[in-house]
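Some notes on the structure that comes next.
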Amino acid sequence: MSRKAKTESNELIAGGARSGPGGRAQRPAGGASLEVPDAVRDRLSDEVIDELLAGARTEEEIVGPGGVLAQLTKRLVERAMSAELTEHLGYEPHQEPPGGAGNTRNGSTAKTLATEHGPVDVRTPRDRQGTFEPQIVRKGQRRFEGFDDKILALYSRGLSTRDIEAHLAEIYGVKVGRDLISRVTDAVMDDVREWQQRPLDDVYPVVFLDALVLKIREGGTVQRRACYLALGVTVDGERDVLGIWFQETEGAKFWMQVLNNLKQRGVNDILLCCVDGLKGFPEAIEAIYPQTVVQTCIVHLIRHSLRYVPRREREQVARDLKPIYTAGDADAAQAALEAFDDRWGARFPVITQAWLNAWEYVTPFLAFPPELRRVVYTTNAIEALNRQLRKAIKTKGHFPNEEAARKLIYLAIVNAVPAWTRTRNWTTALLAFKIHFGDRLPE
C-alpha cells in the first residue's frame, strides 16, 4: 500500500481528528463520525459495496459487533499497519532485506480494540529489532480513534461513570471499566486549562454576563457555588464562551476579577455589556471598561416585575409595560413609565420603583435602531446556553469537587456550541454598531 493510500485508509477509519481547544474551533463532543474523503468515496463503487455486504441485510449484520463495518475496520487497520512496517523496514513482504541482512518481520501480536462497532480483534505486526512504532494503532492503545470521544459525549450529557459503562456495554458490546472512563474524562482538564487561558479578540461588540448555581462538596459538606459565565459576540457575529469561573456566591466584586481576567487575555474593549439586575454589576464593569455601555436585561426586569402580580392580571401588566421598552427614545420611555404608574402604581408601587432604580441601565439600548435592540435588550443568548448546561447537570445531585464541575461544564459547552453559535441578522446589527460606535469597532 502506498503512503497516499495508507493516509486515505487512516482517514476512512478515523473519520476526523479532534481540534485543539479554542474559542470557536472546538472538537465535537459527539465523537468522530465515519466521514469518507471524496477520493476514497469515488473508488467505492456499487460493486465494491455489494461485495462488502456479501448478503448482510440487517442492521446488526452491518454495524453491530462483528458485523461488516467491524470486519472492514479490522482489515483496513491491519493493512495500514502492514504498510507502515513496510515503510519502516524499507522493503516489501516476501522480499529479502537490502544487502541480505538487517531488520526483518517477526510475526504479529493479537490485540482487541474497543470501537464504535464493537470489539475488533487485530494482529499488530512486529519487527525483529523491536524498533517499529505503528501510528494508526499505537503500542498499548486499546481504544480506537474516536472511541474516547464517545465516552466524553456521554459524560457531557450528564451520565455517570456507571451509566456510561452500562451504555457502552449495551450499545457497542464493549466492556469499559469505570476507572478507564474516569481517566478519559480527567484527561479533559488539560484542554480546560488551555481553553480558559487562551488569548481572546481585541474587541467584542457584545458580551453577556451571567451565573448559575451548582452544588459542590467541599470540606465534607455540600455547598452552593456560583459558576460565572461570559459569552461574547465577535465582530463576525459568532458567539463564543470566553470562560468559566467559580465563586461561593454571585457578587459584583468577583465580576471585577472576571473582567480583569478578560482584559489580561487581550480584550481591550467591550462595546456593550448585557447583564441581569445584580446590584453593583454595572459599576464593576465600568471600573474595568469605562467606555462600555451597560444594558440591564429587560426580560429579567419584566420577570421581576410580574412576580408581584396575581396570575390573572399578569398578561395585562406585561402589555402595559411594553410601551416602556419599545419606546422611540428615553423621553418617550419616561412618559410610558409615568403612564404605567398612573394605572398600576397604587397597587404595585414596587414595579415602578424597580424600573426607576435600574433606569440608567434600562434606557441605553433605546438609542439604537431596532436591529441592534434585538441583540442587546435581553440576556436570552446566555440563558439559552445555561439551559443546555442545566440539562447536563440536572442528573447530578452534587459534584464531588470543583474540578469535576468545571470538567462537565466545559464538555457541555463544547457539546452545546452548534445550537447557538451564530447571531441572527448580524450583518444589519453590525452596521448599526459601526454607525453608533465608529472607530471603536474594528474594520
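Side notes on the structure shown:
- Highest mean packing comes first when the peptides 259-267, 237-245, 343-351 are listed by Cβ atoms within 10 Å, giving 237-245, 259-267, 343-351.
- Stretchable slack from Glu96 to Ala367, in nm (0.36 nm times residue separation minus alpha-carbon distance): 89.4 nm
- Of the residues Ser305, Ser82, the one with the largest accessible area comes first in the ranking Ser82, Ser305, computed with a 1.4 Å probe on protein heavy atoms.
- Highest average packing first - 286-299, 209-222, Cβ atoms within 10 Å: 286-299, 209-222
- Sites Glu286 and Lys394, calculated FRET efficiency, Cβ-Cβ separation with R0 51 Å, nearest 0.05: 0.90
- Portion, in percent, of the accessible area of the range 258-414 that falls on carbon or sulfur, probe 1.4 Å: 49
- Rule-of-thumb Rg ratio for the range 332-410 [Cα; 2.2 N^0.38 Å; N residues]: 1.69
- The range 208-342: C-alpha gyration tensor shape, a/c 1.5 cut-off, then a/b vs b/c: oblate
- Remark: the range 259-377 carries 49 Å² of accessible area per residue (probe radius 1.4 Å; ligands, DNA and RNA excluded).
- Per-peptide average of other Cβ atoms within 10 Å, ordering 326-338, 309-321 highest first: 326-338, 309-321
- Across Lys139/Lys407; Lys263/Lys434; Lys253/Lys394; Lys322/Lys407, pairs whose alpha-carbon gap is larger than 32 Å: Lys322/Lys407
- DSSP beta bridge pairing in the range 210-302, given as percent antiparallel to the nearest 5: 80
The values are calculated or read from the model by the stated rules, or taken from the named source; none is laboratory data. All figures in this text were calculated on a predicted structure; none of them were measured in a lab. For neighbour counting, all protein chains shown are included, and Cβ atoms are generated from backbone atoms with ideal geometry for every residue, glycine included. Note: areas computed on protein heavy atoms with side chains; ligands, DNA, RNA excluded. Shrake-Rupley method; radii C 1.70, N 1.55, O 1.52, S 1.80 Å.
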